[in-house]
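Some notes on the structure that comes next.
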Amino acid sequence: GMYTFMTGPEDDRQPVEARFSYMWRKLNGKWKIVHHHSSAVPKAPTNAKEEAEQKAEVMADEMYPIAQQNFKKWNDALLAKDYNKVAGLYYEDDLSFLPTVSPKFIQEGKATKEYFMNFLQKLPDGTITADKVQPYGPDAYLHTGMYTFMTGPENDRQPVDARFSYMWKQIDGDWKIVHHHSSAVPAGNAPASEAEEFTLTTAQDPEPEIDSKK
């Protein structure tokens, strides 16, 4: 049959459900246990797909705050106008970077630095408006969604809505961006004057020379 044991100290008793089999036999006028089998009730079987989904949900919940911290680190570097610090968040040795306002497919550190030297002249400040985090093991995740950048001088800030995909990976103990794709929201979903003006004026700006002293 089934029985429940209450275990633990008096102020913290915990129930343990179990199953039992007893074989009692009368020997020399006294009943004795000749067999006793007791086992904890096993967990109900679950579908492998359900288990995978539950595990993924737990991992996503754990990874989400890490993704928020990493985005804040990236955006804080933008606000500090520190192109070296921003570029330092990207993995130089194996990078895939498709920027918002450049036609280039950037795959190394020098070009990343050049891009942000130019981009930071717009004084960008990004805010995530919708996002999703998909973990790929304990040391990598895909962060996708929508963000809005405020750009331009203090007395004439303009919003630019854009979409993003980041792939972050923990390398030698540090979180690095190994892939970043950012694009302005198409004109059908945002005022054309905002996205187009931002893209055209920034793309046409000459790329400044990197200061070798920095």
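The values are calculated or read from the model by the stated rules, or taken from the named source; none is laboratory data. Just so we're clear, the structure is a prediction, and the values are computed from it rather than from any experiment. All Cβ positions, even for glycine, are placed from backbone atoms using ideal geometry, and neighbour counts span all protein chains on display. For the accessible areas, the whole protein counts, side chains as well, though only heavy atoms, and no ligand, DNA or RNA atoms are used. Shrake-Rupley method; radii C 1.70, N 1.55, O 1.52, S 1.80 Å.
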Only one residue in LYS26, LYS43, LYS32 is surrounded by 10 or more Cβ atoms within 10 Å (Cβ to Cβ) and of a type in the set (Lys, Arg), so which one is that?
LYS32
Going through (1) in contact (Cβ under 8 Å) with a residue 60 or more places away in the chain; (2) of a type in the set (Gly, Ala, Ser); (3) closer than 30 Å to THR112 by Cβ one by one, ALA56 fails only at (3)
Of the listed residues (LEU142, LEU123, LEU79, LEU95), the one being hydrophobic (A, V, I, L, M, F, W, C) and either modelled with pLDDT under 95 or open to solvent by 70 Å² or more (accessible area, probe 1.4 Å) (or both) is LEU79
Every residue from region 19-53 that is among the polar types (S, T, N, Q) and either outside any strand (DSSP E or B) or touching a residue at least 40 places away in the same chain (Cβ under 8 Å) (or both)
ASN28, THR46, ASN47
Filter result for ASP76 (of a type outside the set (Phe, Trp, Tyr) and over 20 Å from PRO124 (Cα atoms)):
no
Of all residues in region 145-182, count the ones that are under 20 Å from GLU108 (Cα atoms), among the polar types (S, T, N, Q) and open to solvent by less than 30 Å² (accessible area, probe 1.4 Å).
1
Restricting attention to region 89-111, does a residue exist that is on the phi > 0 side of the Ramachandran plot, without any contact (Cβ under 8 Å) to a residue 40 or more places away in the chain and not in a helix (DSSP H, G or I)?
no
Quick check on THR112: is it over 17 Å from the mean Cα position of the chain (by Cα), at pLDDT 95 or above and of a type in the set (Val, Ile, Thr)?
yes
Please specify each residue of region 6-18 satisfying the condition of being open to solvent by less than 100 Å² (accessible area, probe 1.4 Å), part of a strand (DSSP E or B) and not hydroxyl-bearing (Ser, Thr, Tyr).
MET6, GLN14, PRO15, VAL16, ALA18
Any pair with Cβ under 9 angstrom, 6 or more apart, that starts in region 114-141 at a residue that is at positive phi and ends at one that is part of a helix (DSSP H, G or I) and of a type outside the set (A, V, I, L, M):
LEU123/GLU154
